[in-house]
Amino acid sequence: MLSITSQYLARHRRLTGDRSDTLLPVTGAQRRFLLMRSLDPSGRPDVVPMFFAFPSGTIDPERLRAAASRLAARHTALRSRPAVVRGTPVLRVADPDVAVTRSALVPGESPADGLRRALAAWDAQGPPLRLFLVRDEERAEDILAVALDHAVCDGRSLARIVEELGAAYGEEATEPPVEPGETEAELAAYQDAVLRQLAAEERAETPEAAAYWADRLRALQAHAPAPRPARVPEGTWPSGAAQARLPAYDGGVSFPGLLDACRSAARELYGPGHAVPLGYPWGGRPTGTAPVVGCFLNTLVFPAYTGDGPGPEVTADAWWDDLDRADVPFDAVVAAVRAAGSAWTGGLDGLLTVDDDSRRPPLVLAGVEGREVHVDGRPVRGPFAVSVTQGAEIRVRMVWDRAVLDDETAHRAFDALTHTLRP
């Protein structure tokens, strides 16, 4: 029987024919985001925004638009629209189309409210890279949101996007636009990277790997039960948030240690006796490919048991075994688990992302460094999500869906998480 990746490649070849340079195949990671979009009643895509505050008057909107357009022209993924054509997920290559939208605040609205409103109105059919500006009169700042459809970028692309946007902003307006040869070379490099990624996923989809994931995730439930019915408090935004800064120590926190911290949070959220599906991105560009901007990191699933079960040592052992099968795409893992009789449908009750602050360059526009800020309250995909940034200190953030988890329970879970991370 053909693997999911083999079937997808065959469908893509039949679909595209001589249009293979305009309807590009997608990686397993991109298929997951397109699947999540199709399952969302509103068709809402996953959007990744980065927010930067600059002194008022620093940003020239037209210069910023030109810089972002040059950036999109140079990277195939940033000018391509995710789409499903005759049931086949693809990236449809288009001309670069990046607008800078200055959002006017309505009376009584804060700058953060204005940005939340602008992002909530995201049109899934529009360009994958968009920029939003809001004036903060009280702080005499302009807040810039650089927002991307997650289907065209992963965490490893964000640093490059920020760095190259700043560089493009510094280019003279009289400089020639991106040359066609440069665009065509990048398109070829992007196609090569995606096809190599799909080849790696195709090789990884073995019967042995399917049996491993079926056994590993057999105990997952469709969704872990909420501790009690929750309701978004009147006058609040859809999600809550908490953050903490912890002292770093030699070597930082291991990834199994972070998984165990999330397991502590899940125990507070859902109670003992559950296997909570926790997703985290893992992987990279295939060996030998150009470091193209795109979405290549697979989502792996960790069964976070909330009983008095495995401790850190066992978590580490199991995690290393998981990494040996990390190239199996998410949809193939779900199919294997379902075929084994599990009721799990692929929903994730928790998400963990980890970053190194040395790989996060600031956005610099015309010599002025933007201050990265957070805008909380936006909808989250799943009951809770944890992000950890390691460096001179450990910065931990947790957000949660208030329609699933009440604030008091979520704060207890965050306390349990940070307690586990303290040296």
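The values are calculated or read from the model by the stated rules, or taken from the named source; none is laboratory data. Since this is a predicted model, take the numbers as computed values, not measurements. Glycine also receives a Cβ, built like all others from the backbone with ideal geometry; neighbour counts cover every protein chain displayed. Ligands, DNA and RNA are excluded from the accessible area calculation, which covers all protein heavy atoms including side chains. Shrake-Rupley method; radii C 1.70, N 1.55, O 1.52, S 1.80 Å.
Results, tabulated for the structure shown:
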| read-out | value |
| --- | --- |
| Simple spin-label estimate for Thr22 and Ala290 in nanometres, 7 Å along Cα-Cβ | 2.2 |
| Computed magnitude of the charge dipole of the chain (debye, nearest 20; Cβ of K, R +1, Cβ of D, E -1) | 1140 |
| Accessible solvent surface per residue of region 324-423, calculated while the other protein chains remain in place, 1.4 angstrom probe, Å² | 44 |
| Surface share of carbon and sulfur [accessible, 1.4 angstrom probe, percent] for region 1-135 | 54 |
| Helical mean residue ellipticity (222 nm; -39500 (n - 2.57) per DSSP H run of 4+; nearest 500) of the chain | -11500 deg cm²/dmol |
| Full-extension gain in nm, Arg218 to Ala199, via 0.36 nm per residue minus C-alpha separation | 4.1 nm |
| Spin-label model distance (nm) - Ala188 vs Ala140, 7 Å beyond Cα toward Cβ | 5.3 |
| Accessible area (Å², 1.4 Å probe, nearest 10) - Thr27 | 0 |
| Listed peptides 347-353, 59-65 by packing density, highest first (mean Cβ within 10 Å) | 347-353, 59-65 |
| Placed amide H near Asp97: partners under 5 Å, 5+ positions off or other chain | none |
| Global form of region 20-101, assessed from the alpha-carbon gyration tensor, a/c cut-off 1.5 | oblate |
| Cα gyration tensor category, rounded, prolate or oblate, for region 131-186 with a/c compared to 1.5 | oblate |
| Among 165-172, 44-51, the order from most to least packed when residues are scored by Cβ within 10 Å on average | 44-51, 165-172 |
| Hypothetical label at Leu2: residues of region 184-216 whose amide nitrogen lies under 13 Å (7 Å Cα-Cβ projection) | none |
| Global form of the chain, assessed from the alpha-carbon gyration tensor, a/c cut-off 1.5 | oblate |
| Note, ³J(HN,Hα) from phi for region 274-280, Karplus 6.51, -1.76, 1.60, rounded to Hz, x at Gly and Pro | 10, 10, 9, x, 10, x, 8 |
| Which of Ala403, Thr183, Thr58, positive extreme of dipole for the chain (C-beta unit charges) | Ala403 |
| Glu171/Ala343 FRET efficiency (R0 56 Å; Cβ-Cβ; nearest 0.05) | 0.55 |
| Label point distance in nm, Thr101-Glu234, each placed 7 Å from Cα along Cα→Cβ | 3.0 |
